[in-house]
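The values are calculated or read from the model by the stated rules, or taken from the named source; none is laboratory data. Quantities reported herein were computed from a predicted structural model and do not represent experimental measurements. Heads up, the Cβs are rebuilt from the backbone with ideal geometry, glycines too, and the neighbour counts pull from every protein chain shown. The accessibility values were calculated without ligands, DNA or RNA, using every heavy atom of the protein model including side chains. Shrake-Rupley method; radii C 1.70, N 1.55, O 1.52, S 1.80 Å.
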Amino acid sequence: MGVTGPPGPVMDRDEVDRALARLGAEHKAVEDSLLALQDHAGRRLLEGAELTGTTKDRWATTEQTITLLWTYFDAYTAALDEAREVRARRRWPGREELAELTERLRGESVTVSGTPATSGTPGMSAKLAERFTLERLVDRMNELYASSLDMVVTADAVWSALPARIDLLAAELNRTRSLAHSVGVRPGEHPAGDDLESITHELATLRAQVVTDPMAFWRPAAGSSAPGGGRPDTDRYDRAARALEDVRREIEAVLQVRQDSEARLLRLRDVLSRADRTLAEARAARGEVLAKIAASEVPVVSGPPTALQERLAAAAEYRRHAQWHRLSPLLEALEREAEDELLRAREQLTAVTAPLAVRAELRGRLDAYKAKVARHGMAEDSLLIERYDAARRMLWSAPCDLRVAEQAVLRYQQAAAEALSGAGPVDRRGSQ
């Protein structure tokens, strides 16, 4: 085999036996790994799949690598068998045999002829032949095995994770589409229907790409050198799942509309009816204020909410024709606007009746002071009687000038306060 001399000191018999045992154990481990790789489910899938893109290129290289692995293993097996045969010649080998065994076990005793599989293999260039020590050959086989296993494990991980999840999501998509169709949500008629079509196309495209090019959906772990280090890239799947969930919630909202639409329409009619009655009350109150209160700005009351009534009638038509997808957003808008309309009607009523409220407060204040004066025995005080009668005439006359009436009430309050505080005699004719 062209031995040029033993590398280093000649091994003794015990060293030879230990080296043969170690190399035999490594041979068994390599063989088991290669057989496991041969039977790996991912490898069988790769062999039978119609691959594209990155996966196609990498699998072509990996197939060459696996072929080269078996070539190396066969050469390793043959070299180990030959060394065992030399050792088996004699129980106590002589120096010449020990030198030969040293060369076989430690020297570059393994020659592997170049093959087409050599070119294109990671870390290898095309050569007519390569020479290895048995130890270096084991290291080389481990390197090639790790790169081959990484490819197989990665593809298998993507195929195990994504297609099944995509299929489950597609089944959920079909159920949602059927439900959407039952409530009138269809492509071209409702945004949710268009979204369902878009999700359907995305899932079909995604599944086809995952099946033919799984390596395009792998995210390697940073700093990891272990075969299969990383995880499947599920970003596109996750986006589709979130989009479908949004559509599903919208369909459920439409279904809820179908179930409670009648009650919601009744509540809407009641709210708008209360708003209409409140406005009518405000208009009547405005006429009363204009007749009874003078020198006061009274706001104009708006008319009934006819636009809302028309949209409410449209909502009833949608319900009658089972157009739930149109009814749903309309009801939500109407409920907000109807509550706003009722609030505005109440605010207008409050604004219109404010002068009457002011007059009522002044009347109450005047009578309260009169009662207080009477409790202190001053009901017959002429000045108080005069000022009370003046204020009362202004408050109970129509139209009532609130500014003048308020001043009259204040004068009565001042006179009553002076009388109750025990002040000196009051000028009964002054300051009227």
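The residue that is modelled with the lowest pLDDT, among those in the stretch 280-289 that are farther than 15 Å from residue 396 by Cα and open to solvent by 50 Å² or more (accessible area, probe 1.4 Å), is 286. Considering the stretch 151-176, and only residues there that are of a type in the set (D, E, K, R) and open to solvent by 40 Å² or more (accessible area, probe 1.4 Å), the residue that is farthest from residue 220 (Cα to Cα) turns out to be 175.
Residues of the stretch 320-342 being more than 17 Å from residue 189 (Cβ to Cβ), open to solvent by 50 Å² or more (accessible area, probe 1.4 Å) and either over 35 Å from the mean Cα position of the chain (by Cα) or at pLDDT below 85 (or both), which ones? Correct list: 320 only. With respect to the conditions (1) in a strand (DSSP E or B); (2) loosely packed, with under 13 Cβ neighbours inside 10 Å, residue 231 falls short on a single one, namely (2).
Return yes when residue 349 is open to solvent by less than 20 Å² (accessible area, probe 1.4 Å), assigned to a helix (DSSP H, G or I) and out of contact with any strand residue (DSSP E or B) (no Cβ under 6 Å at 6 or more places or on another chain) and no when it is not.
Working: open to solvent by less than 20 Å² (accessible area, probe 1.4 Å): no; assigned to a helix (DSSP H, G or I): yes; out of contact with any strand residue (DSSP E or B) (no Cβ under 6 Å at 6 or more places or on another chain): yes.
No.
List pairs: first residue in the stretch 228-250 and closer than 16 Å to residue 169 by Cα, second residue of a type in the set (Val, Ile, Thr) anywhere in the structure, Cβ distance under 8 angstrom, at least six positions apart or on different chains. Close Cβ pairs satisfying both conditions: 237/166; 240/199; 243/199; 244/176; 244/199; 247/176; 247/199; 248/176.
Is it the case that residue 97 is assigned to a helix (DSSP H, G or I) and buried (at least 20 other Cβ atoms within 10 Å of the Cβ)? Here the answer is no, as residue 97 does not meet what is asked.
The one condition from (1) open to solvent by less than 60 Å² (accessible area, probe 1.4 Å); (2) outside any helix (DSSP H, G or I); (3) modelled with pLDDT of 80 or more that residue 300 does not meet is (1).
For (1) surrounded by 15 or more Cβ atoms within 10 Å (Cβ to Cβ); (2) at pLDDT below 90; (3) among the acidic types (Asp, Glu); (4) under 22 Å from residue 177 (Cβ atoms), each residue gets a yes or a no:
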{"residue": "192", "(1), (2), (3), (4)": "yes, yes, no, yes"}
{"residue": "198", "(1), (2), (3), (4)": "no, no, no, yes"}
{"residue": "205", "(1), (2), (3), (4)": "no, no, no, yes"}
{"residue": "218", "(1), (2), (3), (4)": "yes, no, no, no"}
{"residue": "223", "(1), (2), (3), (4)": "no, yes, no, no"}
{"residue": "226", "(1), (2), (3), (4)": "no, yes, no, no"}
{"residue": "246", "(1), (2), (3), (4)": "no, no, yes, yes"}
{"residue": "256", "(1), (2), (3), (4)": "no, yes, no, yes"}
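For beta carbons closer than 7 Å, sequence separation of 6+ or different chains, a first residue in the stretch 15-30 that is closer than 15 Å to residue 102 by Cβ and a second that is open to solvent by 20 Å² or more (accessible area, probe 1.4 Å) and not hydrophobic (A, V, I, L, M, F, W, C), the qualifying pairs are 16/87; 20/84; 20/87.
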